Amino acid sequence: MDENERKEEADARDIRDIAVTPAGEWRREIADIQREARKLLGDPPQGEVERFIAERAADWDET
């Protein structure tokens, strides 16, 4: 097996591992990241998250 094949196999394993990760685990990881970000940066200004989501939806034509 050459280096490229090993990389493709590793990539396939990574995708498989992500695909079978329970949703609860993803939610916990995201919540942990959010807590750490708030410790470092504080809470975002009021309405900032909603504004960001609305802008991305408009960018993706999902309004």
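The values are calculated or read from the model by the stated rules, or taken from the named source; none is laboratory data. Because the structure is a prediction, the values reported are computed rather than measured. Cβ placement follows ideal geometry from the backbone for every residue including glycine, while neighbour counts extend to all protein chains displayed.
Among the residues of segment 16-30, those that are surrounded by 10 or more Cβ atoms within 10 Å (Cβ to Cβ) and either touching a Gly at 6+ places or on another chain (Cβ under 9 Å) or among the hydrophobic types (A, V, I, L, M, F, W, C) (or both) comprise 26, 30. Residue pairs whose Cβ atoms lie under 6 Å apart, sitting 6 or more positions apart in sequence or on different chains, and linking a residue in segment 37-63 that is free of Cβ contacts under 8 Å to residues at least 12 places away in the same chain and part of a helix (DSSP H, G or I) to a partner that is surrounded by fewer than 11 Cβ atoms within 10 Å (Cβ to Cβ) and not hydrophobic (A, V, I, L, M, F, W, C), are 57/63.
Please determine, by comparing only the residues of segment 1-34 that are among the hydrophobic types (A, V, I, L, M, F, W, C) and in a loop (DSSP other than H, G, I, E, B), which one is nearest to residue 49 (Cα to Cα). Per the criteria, the residue is 20.
Within segment 37-49, the set of residues being modelled with pLDDT of 90 or more and surrounded by 10 or more Cβ atoms within 10 Å (Cβ to Cβ) comprises 37, 38, 48.
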